[in-house]
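So the structure is just underneath, and the comments pick up after that.
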Amino acid sequence: MSDEKPTNPPSIAQLQKEIEDSRARLAATIDELTAKAAPRALLQREKENAKARFASATKTPEGDLRTERLAAVAGAVVVVLVVRCILRRRGH
């Protein structure tokens, strides 16, 4: 009727081995997730991401400074400080 050959069911020892292997993999996965979710690990990853974003914003792929971006940021800071000083003087 069908061409499938009957397969022997796994032995108790094989089933126990599979269960032990599954438990070990599950334990390793839980340990990895716990390490990734730890507050210190999250903070460290965010610090590394912030450093990488800052480096990519301020340096070219060759490692040179992006002076046009740095000048724009410095100019914006100066404008904010000048406006703040003017508003303080008018307030008094």
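A short reminder: the numbers here are calculations on the coordinates, not readings from a lab. Please read these numbers as outputs of a predicted model, since none were measured by experiment. Glycine also receives a Cβ, built like all others from the backbone with ideal geometry; neighbour counts cover every protein chain displayed.
Remark on K59: its backbone amide H falls under 5 Å from those of R66, a criterion applied only to residues 5 or more positions apart or on other chains, H modelled at 1.01 Å from N. Pairs of Lys residues in the chain are counted when their Cα atoms are under 25 angstrom apart and they lie 8 or more places apart or on different chains; the count is 5. The longest part of the chain holding none of the exposed loop GluC sites (Glu not before Pro), meaning those outside H, G, I, E and B in DSSP with at most 10 other Cβ atoms within 10 Å, is 5-61. When each of T60, T7 is scored by the number of other beta-carbon atoms lying within 10 Å, the sequence from fewest to most is T7, T60. Net length available on complete extension from D21 to A37 is 3.3 nm, with 0.36 nm assigned per residue and the Cα-Cα distance removed.
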